[in-house]
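K.L.:
First the structure, then my questions, so here it is.
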Amino acid sequence: MSRSVASLLALALLACLPATGARAQSTGSATPFNDTNVGNAPTVPLGGFHTEQPNYIAMSSSANNAGQVMWYVNQHFDPDQPDFGGTTALMYAAINNNAQIAYILISHSSAHVDARDKFGNTALHYAAEHGSLDVLHELLDAKAPIDAQNREGITPLMKAANSGQAAAVKLLLQSGADTSKEDFTGRDALGWAGNKVAVVQLLKNPPGGH
């Protein structure tokens, strides 16, 4: 899905969502989604989760259900609460390259673009690894930390290089990713690229001279 189409779809959904500032606020009116257009939204207590409960907003994002994500955002569910595997809704949007959900989470909830999973990965790490260009754009526009290192010192650029995601590598380089950054074993993005020719060429001759 192109960024323009994703944005239009998100805006159409957002027309149903009362928003004041970065996070939707309750107006006391009826819920803007019903069982038909939300899908099989589970009945859950509002006002937050206990730590042992699964995160339904992350589950909805993992299933690419934008309408259900919107419903939970409107009910003030914590968008950064990970599921049992430690993955947040924004990370699932990055894995699935669902720019519509990413836009909703970034622009109309309190989702943090620098939130980390149990391994220290951010949503940008996931988007880079999976070559999710639409979500990469959304995250970079939202000032996600481009050279964030996980617990092994691995950056999004290294993830993209290791996965052979040349288009993602190019976008990250164009956005200022640091090619000299090293993980905690001393390996840089070029080392992570291995024999992936297109990626190696980009890293040796980065666009814009980064």
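No value in this document is a laboratory result; all are computed from the given coordinates. Bear in mind that the values here come from a model prediction, so they are computed numbers and not experimental data. Cβ atoms come from the backbone with ideal geometry, glycine included; neighbour counts cover every protein chain shown.
K.L.:
So which chymotrypsin sites (Phe, Trp or Tyr not before Pro) in the range 101-134 pass both tests, a DSSP loop state and at most 13 other Cβ atoms within 10 Å of the Cβ?
P.N.:
Of the chymotrypsin sites (Phe, Trp or Tyr not before Pro), the ones in loops of the range 101-134 whose Cβ has at most 13 other Cβ atoms within 10 Å are F119.
K.L.:
Right, something else. What does the charge count around V169 come to, taking other residues whose C-beta lies under 12 Å from its C-beta (Lys +1, Arg +1, Asp -1, Glu -1)?
P.N.:
Around V169, the surrounding residues sum to +3.
K.L.:
Still on this structure, I have one more. Within a 10 angstrom radius of the beta carbon, how do I104, I95 rank from fewest other beta carbons to most?
P.N.:
Neighbour counts put them in this order, fewest first: I95, I104.
K.L.:
Something else: In the neighborhood of G85, defined by Cβ-to-Cβ distances under 9 Å, what is the net charge if each Lys or Arg adds +1 and each Asp or Glu adds -1?
P.N.:
With Lys, Arg at +1 and Asp, Glu at -1, the neighbours total -1.
K.L.:
Also: Please give me, ordered by residue number, the GluC sites (Glu not before Pro) of the range 68-152 that lie in loop per DSSP and have at most 16 other Cβ atoms within 10 Å.
P.N.:
Qualifying residues, ordered by number: E152.
K.L.:
Here is a further query. Please give me the summed charge of the neighbours of S180: other residues whose Cβ is under 15 Å from its Cβ, Lys and Arg +1, Asp and Glu -1.
P.N.:
-2
K.L.:
Under a cut-off of 17 Å between alpha-carbon atoms, report the lysines in cross-link reach of K159, not counting same-chain residues fewer than 8 places apart.
P.N.:
K118, K170, K181, K196, K204
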